[in-house]
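The values are calculated or read from the model by the stated rules, or taken from the named source; none is laboratory data. The model shown is predicted, which means the values in this text are computed figures rather than measured ones. Cβ coordinates were reconstructed from backbone atoms using ideal geometry, including for glycine residues, and neighbour counts include every protein chain displayed. These accessible areas exclude ligands, DNA and RNA; they are computed on the full protein's heavy atoms, side chains included. Shrake-Rupley method; radii C 1.70, N 1.55, O 1.52, S 1.80 Å.
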Amino acid sequence: MELSPGLVDAYWDFDQNGGKLLWGLPRWLDRRPYQARERLHHMTRKYIDSAWESYDWKEPESDWEPHWGSRLSREVAKWMRQKGFSDKAQAGHTLGTLFGVHGNSYQ
């Protein structure tokens, strides 16, 4: 939250507007879904960049740590980097995971 104080608002803005991207409407017709996606993706990318810069890869592996969160997040990020995915793609994957997990657990 320190990296992106508006993350919660950006998340719910994307939740409300992101589905319109599936309609395939051009950006000029409705900019909100594109802006919501880009804002949230930018925040997620800041998180990915910070995690790569801050994590101490020499430390013993644990199930949870403050930069990547769960072991799953860390291992997926390592795999994506080893396979040549860009940090932008990692941010997109992380955003999709965040959206899928949290969007389907909130009532």
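Identify, among L22, V8, Y47, the residue whose Cα sits farthest towards the positive end of the charge dipole of the chain, taking +1 on the Cβ of Lys and Arg and -1 on the Cβ of Asp and Glu, with the dipole about the Cα centre.
The Cα lying farthest towards the positive end belongs to L22.
Distance in nm between label sites at W57 and W79, each 7 Å beyond Cα in the beta-carbon direction?
Simple spin-label model gives 1.8 nm for this pair.
At a 1.4 Å probe radius, carbon and sulfur cover how many percent of the accessible area of the chain?
56 percent
So, for the range 1-98, what is the accessible surface per residue at a probe of 1.4 Å, expressed in square angstrom? Before the final figure, lay out the partial values.
Values: 6600 Å² over 98 residues.
Dividing the accessible area of the range 1-98 by its residue count gives 67 Å².
Per DSSP H run of n ≥ 4, the term is -39500 (n - 2.57); total these for the chain, divide by its residue number, and report the mean residue ellipticity at 222 nm rounded to 500 deg cm²/dmol.
-19500 deg cm²/dmol
Going Cα to Cα from K78, which aspartates and glutamates come in below 18 Å? Please leave out same-chain ones fewer than 8 positions away.
List returned: D49, E53, D56, E59, E61, D63, E65, D87.
Please determine, in degrees from 0 to 90 and to the nearest 10, the orientation of helix 32-54 with respect to the longest principal axis defined by the Cα atoms of the chain, where the helix direction is its Cα long axis.
Between helix and principal axis, roughly 10 degrees.
Over all directions, the average projected area of the alpha-carbon convex hull for the range 50-107 comes to how many nm²?
Values: hull surface 17.9 nm².
Over every viewing direction, the Cα hull of the range 50-107 projects on average to 4.5 nm².
So how much slack lies between R27 and K88, counting 0.36 nm per residue of separation and subtracting their Cα-Cα distance, in nm? Intermediate results must be reported in sequence, preceding the final value.
Numbers: separation 61, 0.36 × 61 = 21.96 nm, distance 2.08 nm.
Result for the pair: 19.9 nm of gain on full extension.
Treating only the Cβ of Lys, Arg, Asp and Glu as charged (+1, +1, -1, -1), what charge dipole size does the range 1-101 show about its Cα centre? Round to the nearest 20 debye.
That gives the range 1-101 a dipole magnitude of about 560 debye.
Would you indicate which of [x] 31, 17, 14; [y] 40, 13, 11; [z] 28, 15, 13 is the value of semi-axes √(5λ) of the Cα gyration tensor in Å derived from the coordinates of this structure?
Among [x] 31, 17, 14; [y] 40, 13, 11; [z] 28, 15, 13, the one derived from this structure is [z].
Can you tell me which of 87-96, 65-74 comes out highest on packing, and rank the rest after it, using the mean Cβ neighbours within 10 Å?
Numbers: 87-96: 17.1, 65-74: 15.0.
Listed from highest to lowest mean packing, they are 87-96, 65-74.
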